[in-house]
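The values are calculated or read from the model by the stated rules, or taken from the named source; none is laboratory data. Please read all numbers here as calculations on a predicted model, not as lab measurements. Cβ coordinates were reconstructed from backbone atoms using ideal geometry, including for glycine residues, and neighbour counts include every protein chain displayed. All accessible areas refer to the heavy atoms of the entire protein, side chains included, with ligands and DNA or RNA removed. Shrake-Rupley method; radii C 1.70, N 1.55, O 1.52, S 1.80 Å.
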Amino acid sequence: MRDDLVSPPDSAAYRAATTPHNNTVVQRPAMVAHPRSADDVADAVRWAAQRDLLVAVQASGHGAGASIGADQLLVDTCGLNLVDVDERVARVGAGATWSAVNAVADRDGLLGLAGSSPTVGVAGYTFGGGVGYLTRPHGMASAALLAVDYVDGNGQARRATEDAADVVDREALWAYRGGGGVGVATALTVELVEPQELWAGYQLWGIDALAAVADAWADAMAQIGAALSTSLSVLHTPPNAPAFPPALRGVPVVHLSFASPEGAEAAGPLLDALRAAPQPVVDSSWAPADAARLAQIHLDPPNPVAALGMGRWLGQGGVALAGDMLSIAAGTDSPLAMVELRNLDNTAATRDGAMTAVPGPLLLHAVGNATDPGTRNDIEEGLAHLRDVAGPADTGRSSAPFADGRAADSGGLTQPDLSRLADVAAAVDPDRRIAPSRILASTRRR
């Protein structure tokens with residue numbers, strides 16, 4: 001591996017690569033590799049093997065949760081940022097973000113099935129399943145995954161496709177579709193969608209409006225069509241954030257964001273129901289949107305945070321529990337910085353994969369800022385209480401991508417699928433050279 005592709009500790013490039021968006025855990029690898037091609041990735045894996053180092057992989061670090069120590073080489077894939085759109089298919093480097101992809105796709109009236117944050121990487125998001133504001137009409141991002149170029153544990157470049165000659169590569173594609181993946185991905189080929197007419201908006205209220213807004217949202221859920229996606233949350237705002245008016249800074253607020261690729265009328269039932277609630281303090285109007293505006297309505301924090309959280313799939317009974325669940329974050333002293341509900345049920349076509357269809361109609365996501373061991377304990381207690389409240393609607397399935405700050409989460413896949421995932425990983429990386437994804441890590445802890 002060339003010297004210019006490696007950064008030692010205390011260098012600026014090393015510090016940048018080891019400061020992930022989720023900075024819950026310490027990252028102090030032996031070295032950081034900065035590949036710019038698939039060949040560079042293969043060289044990095046072989047370089048690590050020669051020095052008896054394990055290989056950890058990271059781009060934006062939104063999904064960081066496992067510590068990285070001196071026995072590991074960190075492969076920073078941010079330099080693999082190719083974006084090439086040809087008709088309704090995009091070939092995307094493993095380090096590219098969804099904002100970069102959709103900035104290109106939007107020029108042709110197309111979009112990728114991105115998440116709520118503009119800085120999330122395409123690879124980790126898609127490999128974990130991938131849900132966002134386009135999930136309802138178009139399904140999970142994992143179902144739009146057509147191929148993955150990757151490097152195995154021996155430093156061999158491979159390509160995972162449905163019709164690959166080697167069964168291992170066919171199985172690898174299954175693992176990449178919602179199972180977190182195996183090996184080190186270098187590029188993805190994904191199918192894009194063509195929105196009919198993209199609209200989006202969001203509203204903010206003081207916390208006193210929570211009950212009324214939650215009731216209105218619940219009433220609308222039975223009436224909205226399959227084209228409207230929403231996120232209803234209680235969010236603790238930063239004290240000095242200019243994005244919020246003074247009255248809504250440093251306090252818990254009610255945040256409702258919603259979007260549709262099928263035009264203005266999709267939000268009609270929701271807007272009608274909200275007339276029974278107080279007027280919002282902030283109304284970012286329901287209006288035509290482009291990819292950039294769609295990426296802003298969730299109000300994700302732009303800077304690194306020590307996020308510790310959970311994601312649970314709920315049945316339709318979760319709608320009636322919305323107010324009770326969200327109220328757990330309503331106190332100014334709540335350890336939970338955000339509790340949100342997303343409606344994601346859909347009938348979109350899927351492809352064969354570890355998880356390519358949503359396991360429930362609602363996703364419950366909650367997170368706290370785990371700045372020290374004491375706050376971490378408080379957050380865990382808050383999450384446990386929330387899970388008790390949500391219990392009657394819980395499907396028994398977790399969402400690993402929303403298990404913020406955690407090294408492992410096995411609850412999203414069935415036991416047979418976890419076993420199949422472990423078998424694929426063993427075939428791709430028999431020496432366990434490459435650090436596992438959050439889902440795969442759970443198979444190695446038993």
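Of everything in region 222-246 that is modelled with pLDDT under 95 and among the aliphatic types (A, V, I, L, M), the residue that is surrounded by the fewest Cβ atoms within 10 Å (Cβ to Cβ) is ALA222. Listed by first and then second residue, the pairs with beta-carbon distance under 9 Å, at least 6 apart or on different chains, first residue in region 1-26 and part of a helix (DSSP H, G or I), second among the polar types (S, T, N, Q) and open to solvent by less than 60 Å² (accessible area, probe 1.4 Å), are ALA13/SER7; TYR14/SER7; ARG15/SER7; ALA16/SER7; ALA17/SER7; ALA17/GLN27; ALA17/GLN58. Taking the condition closer than 28 Å to VAL389 by Cβ and either open to solvent by less than 20 Å² (accessible area, probe 1.4 Å) or without any contact (Cβ under 8 Å) to a residue 24 or more places away in the chain (or both), does LEU314 pass? Spelling it out, LEU314 is indeed closer than 28 Å to VAL389 by Cβ and either open to solvent by less than 20 Å² (accessible area, probe 1.4 Å) or without any contact (Cβ under 8 Å) to a residue 24 or more places away in the chain (or both).
Reported count of residues in region 329-347, each being open to solvent by 30 Å² or more (accessible area, probe 1.4 Å) and part of a helix (DSSP H, G or I), is 0. Within the group GLU340, GLU381, which residue is in contact with a His (Cβ under 7 Å, 6 or more places away or on another chain) and farther than 30 Å from ARG107 by Cα? From the options GLU340, GLU381, the qualifying one is GLU340. The residue that is surrounded by the most Cβ atoms within 10 Å (Cβ to Cβ), among those in region 134-152 that are under 15 Å from GLU262 (Cβ atoms) and over 15 Å from the mean Cα position of the chain (by Cα), is ARG136. Criterion applied to THR371, THR347 was being over 30 Å from LEU248 (Cβ atoms) and either of a type in the set (Val, Ile, Thr) or touching a Gly at 6+ places or on another chain (Cβ under 6 Å) (or both), and the one residue passing it is THR347.
I need the full set of residues from region 170-187 which are part of a helix (DSSP H, G or I) and within 22 Å of VAL75 (Cα to Cα), in order please. Listed by number, the residues that qualify are ALA172, LEU173, ALA175, TYR176. Within the set VAL131, VAL190, the sole residue that is at pLDDT 95 or above and not in a strand (DSSP E or B) turns out to be VAL131.
Here is a yes/no grid of residues against (1) open to solvent by 20 Å² or more (accessible area, probe 1.4 Å); (2) touching a Phe, Trp or Tyr at 6+ places or on another chain (Cβ under 8 Å); (3) part of a helix (DSSP H, G or I); (4) over 19 Å from PRO401 (Cα atoms):
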{"position": "VAL45", "(1), (2), (3), (4)": "no, no, yes, yes"}
{"position": "ALA49", "(1), (2), (3), (4)": "yes, no, yes, yes"}
{"position": "ALA56", "(1), (2), (3), (4)": "no, no, no, no"}
{"position": "ALA64", "(1), (2), (3), (4)": "no, no, no, no"}
{"position": "ASP84", "(1), (2), (3), (4)": "yes, no, no, yes"}
{"position": "VAL101", "(1), (2), (3), (4)": "no, no, yes, yes"}
{"position": "ALA105", "(1), (2), (3), (4)": "no, no, yes, yes"}
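Being open to solvent by 20 Å² or more (accessible area, probe 1.4 Å), touching a helix residue (DSSP H, G or I) at 6+ places or on another chain (Cβ under 8 Å) and closer than 23 Å to LEU341 by Cα is not true of PRO436. Could you please find all residues in region 391-421 being surrounded by fewer than 23 Cβ atoms within 10 Å (Cβ to Cβ) and assigned to a helix (DSSP H, G or I)? Those that are surrounded by fewer than 23 Cβ atoms within 10 Å (Cβ to Cβ) and assigned to a helix (DSSP H, G or I): GLY391, PRO392, ALA393, GLN415, PRO416, ASP417, LEU418, SER419, ARG420.
Taking region 346-371 as the range and being touching a residue at least 60 places away in the same chain (Cβ under 8 Å) and of a type in the set (A, V, I, L, M, F, W, C) as the test, the residues that pass are ALA348, ALA349, ALA354, MET355, ALA357, VAL358, LEU363, VAL367, ALA370. Kindly indicate whether ASP163 is among the acidic types (Asp, Glu), open to solvent by 10 Å² or more (accessible area, probe 1.4 Å), within 17 Å of GLY353 (Cβ to Cβ) and touching a Ser or Thr at 6+ places or on another chain (Cβ under 8 Å). Criteria not met by ASP163. Scanning region 27-44 for residues that are touching a residue at least 40 places away in the same chain (Cβ under 8 Å) and of a type in the set (Asp, Glu) yields a count of 2.
Could you please find all residues in region 404-433 being polar (S, T, N, Q) and in contact with a helix residue (DSSP H, G or I) (Cβ under 6 Å, 6 or more places away or on another chain)? Correct list: SER410 only. With respect to being within 30 Å of TRP47 (Cβ to Cβ) and either in a loop (DSSP other than H, G, I, E, B) or not aromatic (Phe, Trp, Tyr) (or both), ALA165 fits the description.
Residue-level check: of (1) crowded, with 18+ Cβ neighbours inside 10 Å; (2) within 21 Å of the chain's Cα centre (by Cα), MET31 misses just (2).
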